[in-house]
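What follows is a short report on a single structure.
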Amino acid sequence: MKLSCPQETLSRGLQLVTRAVTASSATTLPVLSNVLLASDDGRLRLSATDLKIGVTAWIPAMIFEDGAMTLPARLLSEFVNSLPNEQVEIACPENQALATVRCSRFSANIRGIDADEFPLIPTIADEPSATIAAGVLRSMIGQVVFAASTDLGKGPLQGVFATFSGDTLTLTASDAYRLSVRGASLSSPAAADFSVLIPARTVAELGRVLPDGETPVAITVTPNRGQILFHLDNLDFLATLLNEQFVNYKQIIPKECKTRVVANTADLQKAVKIAGYFAREGASMLKLDIQTGSDGGTITVSAQTQDIGDNDSVVDAVITGEGMQIGFNSKYVAEALNAMNSTQVALELTGPTHAGVLRPVDGADFLHVIMPVTVPR
């Protein structure tokens, strides 16, 4: 194999595919720590996999000799990222496990593993099940994936539940203490209504490789619901699905509220952030004291930790309904507010022992449910 391509292009391609390389790969199968470089119809194909995620990217290159080779992903990426923005030449003689990489006055000989030992990343030939704009999907992921559980014993709560219904995609994640739900319109209606459960780590990596904008993402699920493929013009992201039943999340969402609070998102974010400094040394709890008034009302955000201190921050708000005091985990509230993407946020409450609901006021199809914690008297 012999080729040449711009350093910036190669660096970007490696950055995309090495998302699938994990630190544990070397202890299971050494070739999983490598990235596959192969000529493919006049382009350079880069692939990486950890057997659960497979990412393939195609980048423009001048191919002088066809071939394929796997090279250590971390070393190759670090070396290429350090090179000047000029042409990078890669040469690997046939049947040899040594590649020469040159750029300007820099060169390196990198030992790899034969391409025949690299696991085959399956392709899905079926027609796409649905299509959505890349920027929309990326935004959706950012608003739900953080709410999934990282506890290995939580089973289906370690995943993001994706529901395709008509022309709508809904992503849902929960760790049993909070719930994020975001819906958006598909570019075209789904071929059929269906739901799949995708590992949260997979969804997070997908969000990192997706571009912003209107680039279409074709989503295809295998008939046995075992794998899902996200396909862009020059990128394939293949993932293994979870074979578990997600919770009936619709039962968790409160159906009514007695108090609705509308506040400036940035003001509330700042108050919650400051309270978090005091809450993190204790039980990570903050208290919201909602007071109605002739001028609309206020929210007093406070946190107290024995031996550390306490704080109070007052935020103006428009309050409909009765005042109350309620406690939440400060980290959960902060992360929910960071995901709002709205200048104003609405907090809907039923009572101090019932879950609260956060929604953007701008009408986006997004909500975040947080279970309360007991406020000490």
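The values are calculated or read from the model by the stated rules, or taken from the named source; none is laboratory data. Keep in mind that this is a model prediction, so the values were computed, not measured. All Cβ positions, even for glycine, are placed from backbone atoms using ideal geometry, and neighbour counts span all protein chains on display. Accessible surface areas use protein heavy atoms only, side chains included; no ligands, DNA or RNA. Shrake-Rupley method; radii C 1.70, N 1.55, O 1.52, S 1.80 Å.
Quick one: residue 364 ticks every box in (1) buried (at least 16 other Cβ atoms within 10 Å of the Cβ); (2) in a strand (DSSP E or B); (3) not β-branched (Val, Ile, Thr) except a single one, so which number is it?
Checking residue 364 against (1) buried (at least 16 other Cβ atoms within 10 Å of the Cβ); (2) in a strand (DSSP E or B); (3) not β-branched (Val, Ile, Thr), the one that fails is (2).
Go through the range 353-362 and give me each residue that's farther than 20 Å from residue 250 by Cβ and out of contact with any helix residue (DSSP H, G or I) (no Cβ under 9 Å at 6 or more places or on another chain).
353, 362
Go through 240, 305 for me and flag whichever is closer than 30 Å to residue 13 by Cα and either in contact (Cβ under 8 Å) with a residue 24 or more places away in the chain or of a type outside the set (A, V, I, L, M, F, W, C) (or both).
Unique residue meeting the criteria: 240.
Residue check: is residue 293 farther than 23 Å from residue 177 by Cα and either assigned to a loop (DSSP other than H, G, I, E, B) or open to solvent by less than 20 Å² (accessible area, probe 1.4 Å) (or both)?
yes
Which numbered condition trips up residue 369, out of (1) within 15 Å of residue 268 (Cβ to Cβ); (2) in contact (Cβ under 8 Å) with a residue 24 or more places away in the chain; (3) under 31 Å from the mean Cα position of the chain (by Cα)?
Failing condition for residue 369: (1).
Of the numbered conditions (1) open to solvent by less than 30 Å² (accessible area, probe 1.4 Å); (2) touching an Asp or Glu at 6+ places or on another chain (Cβ under 6 Å), residue 102 fails exactly one; give the number of that condition.
Among (1) open to solvent by less than 30 Å² (accessible area, probe 1.4 Å); (2) touching an Asp or Glu at 6+ places or on another chain (Cβ under 6 Å), residue 102 violates only (1).
Here are 301, 272, 247, 262: which of them is β-branched (Val, Ile, Thr) and open to solvent by 40 Å² or more (accessible area, probe 1.4 Å)?
Values: 301 fails: open to solvent by 40 Å² or more (accessible area, probe 1.4 Å); 272 fails: open to solvent by 40 Å² or more (accessible area, probe 1.4 Å); 262 fails: open to solvent by 40 Å² or more (accessible area, probe 1.4 Å).
Answer to the selection: 247.
When you scan the range 7-84 for strands (runs of 3 or more DSSP E) that lie fully inside it, which ones turn up with 1 or more residues that are small (Gly, Ala, Ser) and surrounded by 15 or more Cβ atoms within 10 Å (Cβ to Cβ)?
Per the criteria, 34-40, 43-49, 53-60, 68-72.
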